[in-house]
Amino acid sequence: MITRAEFQDIIKLEGQARGSTLNTDAAYVESQEGKEGLHKVEAAFRQLGYPVEYKHIKDMGWYPICLRVLSLRVIQDVFGLKPMDLRTMGDTAPKFSFLVKVFMKFTGVSELAARRVPGYWRMHYSVGDMCASEVNGQAGYVIVQLTDFKTHQILCRYFEGYFRRLLQFSFVDQDVEIRETKCMFKGDPHHEYRITWK
């Protein structure tokens, strides 16, 4: 369970995230555990003294980034999710996201998607910067860097799934793989994800 010390550290996090990041969590829980599962998550929030009702969260609204982290941590605790489960949850999230559907509708190819990454990031988060530091369509890989975003380790695995799915939308007929090759929580200056496709 989330300790009081961890909770205090999380609520001190600075920045904001769009409500769509939270609503994709709720959609995932409902798809796996039904409405009863979502009620369990909201009950766990109340026990923390930080009540949240997902139905009141607006996709385009800005919310404290601590709520984005708490949402994942509470869901992890309630359902006993392992790191690979969080990766799967991230992989599923774009399917539920209104912002992703709009973005990917007008992107398609890897080079264009890579150029639009910084703006896409800012649609979701008020902190951190993201860029595609290397794009090689011929060799079949993209390297994405996320800087100034040392928020919480839970997002490392979640983003692995999330970024993989985003690129999978562009390469429907190909197998897309991803791994985090650098991590700020391991002493690196930024997070880095290598995304490959065959």
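No lab work stands behind these numbers, since they all come straight from the coordinates. Since this is a predicted model, take the numbers as computed values, not measurements. In this analysis, Cβ positions are derived from the backbone assuming ideal geometry, glycine residues included, and neighbour counts consider all displayed protein chains.
Some values worked out for this structure:
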quantity: Simple label model, 7 Å out from Cα along Cβ direction - LYS82 to GLN153, nm; calculated: 1.7 nm
quantity: Within straight-line cross-link reach of LYS35, lysines at Cα separation under 21 Å, skipping those fewer than 8 residues along the same chain; calculated: LYS55, LYS58, LYS95
quantity: Rounded Å value of the spacing that divides the Cα centres of the range 152-167 and the range 50-100; calculated: 12 Å
quantity: Sequence ranges 154-160, 62-68, 2-8, ranked by mean other-Cβ count within 10 angstrom, highest first; calculated: 154-160, 62-68, 2-8
quantity: Gain in span if fully extended, ALA43 to GLU6, counting 0.36 nm per residue against the direct Cα distance; calculated: 11.5 nm
quantity: Sequence ranges 131-138, 161-168, 186-193, ranked by mean other-Cβ count within 10 angstrom, highest first; calculated: 161-168, 186-193, 131-138
quantity: Degrees between helix 65-79 axis and first principal axis of the chain (Cα, 0 to 90, nearest 10); calculated: 70 degrees
quantity: Cα gyration tensor shape for the range 1-88, rounded if a/c is under 1.5, else prolate or oblate; calculated: rounded
quantity: Dimensionless Rg ratio for the chain, taking C-alpha atoms and the 2.2 N^0.38 Å reference; calculated: 1.00
